[in-house]
């Protein structure tokens, strides 16, 4: 289905940068369908996906990539949200800083410690102050707070990860997620075989019944060489979850990341001589 969706994208533009099997950036500044606005292109794509594939799709339209990413999440599922250039400030300034790309829980907590909670607060800090607190990432924060993102849509970007996840019909204890891990590992292994490069890291993702997301990862000395090995590692990562026997989980995901060229991936570092 991911391939079929991407074929629909390509009807409108060749500038398609996949982020995951179900997400991509599109630059439609000049589009093949000759529609006058990006909003019209987004509507056409969503309509084609619905009619041809019987799937829903959410889209975000904005002047740059990071704003488009935020917009795409704004009306999920099956929504369209548009940020016009003249609306960037009114949309961006009230947002929590946690909505900005790269601002995880640790960075958000550091910002809160200096009374920065909304993007409007962040914009009040000058560049030197942000660099003092966050180093080089302070430059990025300074730009994001002003709606600036000059990164281009790059088609055929090397794959960063391959993953699959699924939600249980009802929340289950950790001891019962083994069969789902095995099924998802098979899907991920099959998908990874299409990549020229080799993945080094195995990732297990879990979502609790309280919607808290947990991840555990392992990078073995040599990349997983079979579906059985991938499954074994994924199952072992489950043992690193220590939330007690009463904890229930609603979602599990398996991923492969840290892709390297095959020569680089197979080379082992010399630790001792």
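The values are calculated or read from the model by the stated rules, or taken from the named source; none is laboratory data. Source: prediction; values computed, not measured. A quick note on method: Cβ atoms are made from the backbone with ideal geometry, for glycine too, and the neighbour counts reach across all protein chains shown.
Structural remarks
- Applying the set (1) outside any strand (DSSP E or B); (2) in contact (Cβ under 8 Å) with a residue 12 or more places away in the chain to residue 60 leaves exactly one unmet item: (1).
- Restricting attention to region 176-197, the residues being in contact with a helix residue (DSSP H, G or I) (Cβ under 9 Å, 6 or more places away or on another chain) and either modelled with pLDDT of 90 or more or under 13 Å from residue 251 (Cβ atoms) (or both) number 10.
- Conditions (1) crowded, with 18+ Cβ neighbours inside 10 Å; (2) in contact with a strand residue (DSSP E or B) (Cβ under 8 Å, 6 or more places away or on another chain); number of the one not met by residue 142: (2)
- Number of the condition not met by residue 202 [criteria: (1) surrounded by 18 or more Cβ atoms within 10 Å (Cβ to Cβ); (2) touching a residue at least 60 places away in the same chain (Cβ under 8 Å); (3) touching a strand residue (DSSP E or B) at 6+ places or on another chain (Cβ under 8 Å)]: (2)
- Here 151, 128 are screened, and the one residue that is touching a helix residue (DSSP H, G or I) at 6+ places or on another chain (Cβ under 9 Å), farther than 30 Å from residue 14 by Cβ and at pLDDT below 95 is 128.
- Unmet requirement for residue 147, which otherwise passes all of (1) crowded, with 16+ Cβ neighbours inside 10 Å; (2) within 18 Å of the chain's Cα centre (by Cα); (3) in contact (Cβ under 8 Å) with a residue 60 or more places away in the chain: (2)
- The set of residues from region 116-139 being crowded, with 16+ Cβ neighbours inside 10 Å and in a loop (DSSP other than H, G, I, E, B) comprises 116, 125.
- Evaluation of residue 89 against (1) touching a helix residue (DSSP H, G or I) at 6+ places or on another chain (Cβ under 7 Å); (2) touching a residue at least 40 places away in the same chain (Cβ under 8 Å) (one fails), failing number: (1)
- Residue 172 part of a strand (DSSP E or B) and either surrounded by 12 or more Cβ atoms within 10 Å (Cβ to Cβ) or assigned by TED's automatic domain parsing to the domain that holds residue 64 (or both): yes
- The one condition from (1) part of a helix (DSSP H, G or I); (2) more than 19 Å from residue 20 (Cβ to Cβ); (3) free of Cβ contacts under 8 Å to residues at least 40 places away in the same chain that residue 181 does not meet is (3).
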